[in-house]
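The values are calculated or read from the model by the stated rules, or taken from the named source; none is laboratory data. Since the model is a prediction, treat every value here as computed from it, not as a measurement. Heads up, the Cβs are rebuilt from the backbone with ideal geometry, glycines too, and the neighbour counts pull from every protein chain shown. Heavy atoms of the whole protein, side chains included, go into the accessibility calculation; ligands, DNA and RNA do not. Shrake-Rupley method; radii C 1.70, N 1.55, O 1.52, S 1.80 Å.
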Amino acid sequence: MKSCKIEIVTLTRGERMRFAADGMLEERETGFTAHYPQENDRTRLTLDGGSLLMERSGESELRALFREGEHGHFHIGIGENAGAVPMHTEVCSAIRSRDGWRIGLKYRLKFGEENEIFRLKIAVNIISEEQ
């Protein structure tokens, strides 16, 4: 396991949001799994080849599997309320750099006839080697 810093910049509806947290990283030949806190929840990002799985559990629940060109569902829950929104992933690209990983993500959530486009830039920066 390695210490890491996760930074996620999200662009949607002309708004830019930034999230950063310290976490732990397990690397594999085809990707990684990063664990980090988000508010009072536990979050996990798993990159495996060309797909990215985002999971959050605790007070808020979230699960989404992104694969470029594929349709799926964005599962979300808060308290007793839960549901799934149809989703289409347009871009899911990952590059390994010497200090971590860079991921570009673009997807559409389909709320009835309305589409909301999300663009994410995710950086997973390695802080220290094996702990």
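For every residue, the table says whether it meets (1) among the hydrophobic types (A, V, I, L, M, F, W, C); (2) touching a strand residue (DSSP E or B) at 6+ places or on another chain (Cβ under 6 Å).
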{"position": "70", "(1), (2)": "no, yes"}
{"position": "75", "(1), (2)": "no, yes"}
{"position": "83", "(1), (2)": "no, no"}
{"position": "106", "(1), (2)": "no, yes"}
{"position": "113", "(1), (2)": "no, no"}
{"position": "120", "(1), (2)": "yes, yes"}
{"position": "124", "(1), (2)": "yes, yes"}
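Would you be able to tell me the number of residues in the range 61-72 that are open to solvent by 30 Å² or more (accessible area, probe 1.4 Å) and assigned to a strand (DSSP E or B)?
Keep residues of the range 61-72 that are open to solvent by 30 Å² or more (accessible area, probe 1.4 Å), which gives 61-63, 65, 67-71.
The next check asks that each one be assigned to a strand (DSSP E or B); those that pass are 61-63, 65, 67, 71.
Of the residues in that region, 6 qualify.
Of all residues in the range 63-75, those that are farther than 10 Å from residue 52 by Cβ have Cβ atoms under 7 Å from Cβ atoms of residues that are surrounded by 15 or more Cβ atoms within 10 Å (Cβ to Cβ) and among the acidic types (Asp, Glu), 6 or more apart or on another chain, in 63/55. Kindly indicate whether residue 52 is open to solvent by 60 Å² or more (accessible area, probe 1.4 Å), touching a residue at least 40 places away in the same chain (Cβ under 8 Å) and not β-branched (Val, Ile, Thr). The answer is no for residue 52.
When the range 56-70 is filtered for residues that are among the charged types (D, E, K, R) and either in contact with a Ser or Thr (Cβ under 7 Å, 6 or more places away or on another chain) or within 18 Å of residue 30 (Cβ to Cβ) (or both), the ones remaining, listed by number, are 56, 67, 68, 70.
In summary, residue 77 fulfils each of the numbered conditions (1) at pLDDT 95 or above; (2) assigned to a strand (DSSP E or B) with the single exception of condition (1).
Return a yes/no flag: does the range 5-15 have any residue that is loosely packed, with under 13 Cβ neighbours inside 10 Å and assigned to a strand (DSSP E or B). Walk me through it before giving the result.
Keep residues of the range 5-15 that are loosely packed, with under 13 Cβ neighbours inside 10 Å, which gives 13-15.
Pick out the ones that are also assigned to a strand (DSSP E or B) and you get 15.
Looking through the range 5-15, at least one residue is loosely packed, with under 13 Cβ neighbours inside 10 Å and assigned to a strand (DSSP E or B).
Looking across 103, 122, 117, 127, one residue alone is out of contact with any helix residue (DSSP H, G or I) (no Cβ under 6 Å at 6 or more places or on another chain), open to solvent by 70 Å² or more (accessible area, probe 1.4 Å), β-branched (Val, Ile, Thr) and in a strand (DSSP E or B). It is 127.
Out of the residues in the range 80-94 meeting the condition of being in a strand (DSSP E or B) and out of contact with any Phe, Trp or Tyr (no Cβ under 7 Å at 6 or more places or on another chain), tell me which one is most open to solvent (accessible area, probe 1.4 Å).
Going residue by residue through the range 80-94, those that are in a strand (DSSP E or B) are 81-94.
Narrowing the set further to residues that are out of contact with any Phe, Trp or Tyr (no Cβ under 7 Å at 6 or more places or on another chain) leaves 81-83, 86, 91, 93.
Details: 81: 118, 82: 92, 83: 36, 86: 57, 91: 56, 93: 56 Å².
Applying the filter and picking the extreme gives 81.
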